[in-house]
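Undergrad: Sharing a structure below in C-alpha cells format, with a few things to ask.
The values are calculated or read from the model by the stated rules, or taken from the named source; none is laboratory data. Predicted model, so just to flag it, every value in this text is computed and none were measured. Every residue, glycine among them, receives a Cβ derived from its backbone with ideal geometry; neighbour counts consider all protein chains shown.
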C-alpha cells in the first residue's frame, strides 16, 4: 500500500511540473522586517527591526519550496538596557496565486531560532523551535523583478519552556530566475 501511494504521489508531482508554464524556477527575496516580539513570562511586547531573506524553488505554477532566514534586533528593551538579537531559519511549502500584475502567496515554515541577549556586559544565547504561518502580496514590476508590498506572518518560538507569539511584517524586492 505504501509503495502504491508513493508511485501515485510521484506521478502527480511530475504531471503538475510538466505543464507548460511561464513561471520562474526560483525567486529570491531581500528586504526590511519589523517584528512585534512577545517574549512571554510576564514581559510585554517589544519592537524589533531587521531583515528578511528567502529563496523559493517553484515546482509548478502554484506550489513551491521555500527557505527563509530572518534577523530581528531589539535595543534597550523596555528601557532596561537589554539588547536582543533573534534569528530564525525555516523551511516549508509555499502556495502562490499568480496574476499579470500581482501574486498572492501563503506559506508554512518550520525550523529553528537563535537568540542572543546582552545586558551590562553579560551575554546569553539559546536555541529553540520556530514556526511561521502567513503570506503576502507581490507587485510585478518586470519579468524578473517584483516588489513585495507586504508579507505578514504569525511566528511562534519556544525559548526557556515558554511560548512566544510574534507578529512579523516584511517588505522588499523580489528577484526571479529561470522559466520561459
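Undergrad: Report, by residue number, each residue of segment 53-91 that is over 20 Å from the mean Cα position of the chain (by Cα) and not in a strand (DSSP E or B).
TA: Answer for segment 53-91, where residues must be over 20 Å from the mean Cα position of the chain (by Cα) and not in a strand (DSSP E or B): 78, 79, 80, 81.
Undergrad: Would you call residue 9 surrounded by 10 or more Cβ atoms within 10 Å (Cβ to Cβ) and modelled with pLDDT of 95 or more?
TA: Answer is no for this residue.
Undergrad: Among the residues of segment 130-180, what is the count of those that are surrounded by 15 or more Cβ atoms within 10 Å (Cβ to Cβ), within 14 Å of residue 38 (Cα to Cα) and over 16 Å from the mean Cα position of the chain (by Cα)?
TA: The total comes to 2.
Undergrad: For segment 15-26, indicate whether the set of residues that are out of contact with any helix residue (DSSP H, G or I) (no Cβ under 7 Å at 6 or more places or on another chain), at pLDDT 95 or above, under 22 Å from residue 108 (Cβ atoms) and in a strand (DSSP E or B) is non-empty.
TA: Yes.
Rundown of residues vs (1) modelled with pLDDT of 95 or more; (2) surrounded by fewer than 17 Cβ atoms within 10 Å (Cβ to Cβ), yes/no style:
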site: 71; (1), (2): yes, no
site: 89; (1), (2): yes, yes
site: 104; (1), (2): yes, yes
site: 119; (1), (2): no, yes
site: 128; (1), (2): yes, no
